[in-house]
Amino acid sequence: MAPELQLLIVNATIVLIAYLGIYPSMRKLTLRVVLADDHAVLTALALGTAGALFWGTGIRFRMLLFTTNWAVFSLVSMQAMEFPLLIWFCRKHGIDFGGRD
């Protein structure tokens with residue numbers, strides 16, 4: 001399996017579990033809470049998993065216009081997957097994007 005596909009599957013699994021399982025069960029749903037958990041937990045989990053798989057291997061990851069290392073690929077692909085889910089989740093749960101809790 002291509003290394004890009006491995007990280008895409010890992011990141012998609014993390015994001016789907018968070019947005020379909022964990023976040024809906026939280027009591028206080030605000031944009032600030034979701035983003036704080038997102039940056040603290042999901043990003044660390046994605047980077048930790050990617051690092052465990054590819055740290056020290058020297059494998060280059062192909063993106064659309066350039067190649068990069070596993071960390072950048074993991075972060076960029078995670079954000080690209082997560083942004084549409086964040087918008088959908090906030091609309092579904094009535095979370096205001098205005099910056100106020």
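The numbers here are math on the coordinates, done by the rules we state, and not lab data. Just so it is clear, the structure is predicted and the values come from calculations on it, not from any experiment. No Cβ is skipped: glycine too gets one built from the backbone with ideal geometry, and neighbour counts run over all protein chains shown.
Just a few scattered comments:
- The chain: angle of helix 70-92 to the longest principal axis, Cα-based, in degrees nearest 10: 20 degrees
- Leading residue at positive end of dipole, the chain (Cβ point charges), from N69, L8, F83: F83
- The label-point distance for D96 and L47, in a model that sets each label 7 Å from Cα toward Cβ, rounds to 3.2 nm.
- Computed over the chain, the ratio Rg/Rh where both radii use C-alpha atoms and Rh is Kirkwood: 1.02
- Potential extension, T13-L29 segment - 0.36 nm per residue separation minus Cα distance: 3.6 nm
- Convex hull volume of the stretch 39-91 per residue (C-alpha atoms, cubic angstrom): 73 Å³
- Cα-based helix-to-principal-axis angle, 43-54 vs the chain, degrees rounded to 10: 20 degrees
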